[in-house]
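Read the figures in this text as sums done on the coordinates, not as results from a lab. Everything numeric here is computed off the predicted structure, so don't read it as measured data. Methodologically, a virtual Cβ is constructed for each residue, glycine included, from the backbone with ideal geometry; neighbour enumeration extends over all protein chains shown.
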Amino acid sequence: MKNSLIILITLAFAAACNTADNKTDTETDKHMQDSLAAVKRNQILQDTSNVTTIQWLDSTYIDMGKVKDGQVVEVSFRFKNSGNKPLVITNVSASCGCTIPERPEQPFAPGEEGVIKAKFDSKGRPGVNTKQVYVTANSVPNSFQLSFTVDVTQ
């Protein structure tokens with residue numbers, strides 16, 4: 001009985017170690033994919049033969065008006081690839097954690113239109129809030145600052 005218990009504990013320990021190794025491998029694979037994607041984005045930015053231009057179809061500043069505290073507001077900035085090379089949005093970030101931007105994954109062909117979206121969580125942010133969304137692309141210029149204002153009321 002005692003030997004069976006020792007064997008059972010040893011098998012459980014070995015299985016736990018194997019599960020941890022699989023998780024580490026998955027995390028390592030994800031990290032490697034993210035690193036390769038970052039390298040590819042940097043190569044695109046540095047290759048001047050693939051530079052294009054962006055035309056913002058609406059203003060790069062949007063006044064979203066008044067919203068109730070706790071509302072999640074989505075803002076959209078429309079753009080067009082106005083150059084003659086594929087447009088690749090390499091990075092989209094926000095000025096704070098209350099704003100979550102989305103980066104389009106696919107390249108945009110010359111003349112094609114797209115949207116940069118962001119969601120703003122107004123919970124606990126009373127008053128006028130001005131937030132920025134930063135966009136980096138294989139364009140001239142290669143970075144843009146988009147802004148929006150939201151007046152959060154009780």
### For I62, residues with placed amide H under 5 Å, excluding near neighbours
S147, F148, T149
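In the stretch 112-154, which trypsin sites (Lys or Arg not before Pro) fall in coil by DSSP and have 15 or fewer other Cβ atoms within 10 Å?
On the way: sites: K117, K119, K123, K131; in loops: K123.
Answer in residue order: K123.
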### Task
Step through the table entries K80/K131; K68/K119; K85/K119; K80/K117; K66/K131, compare each Cα-Cα distance with 18 Å, and write down the pairs that go over it.
K80/K131; K85/K119
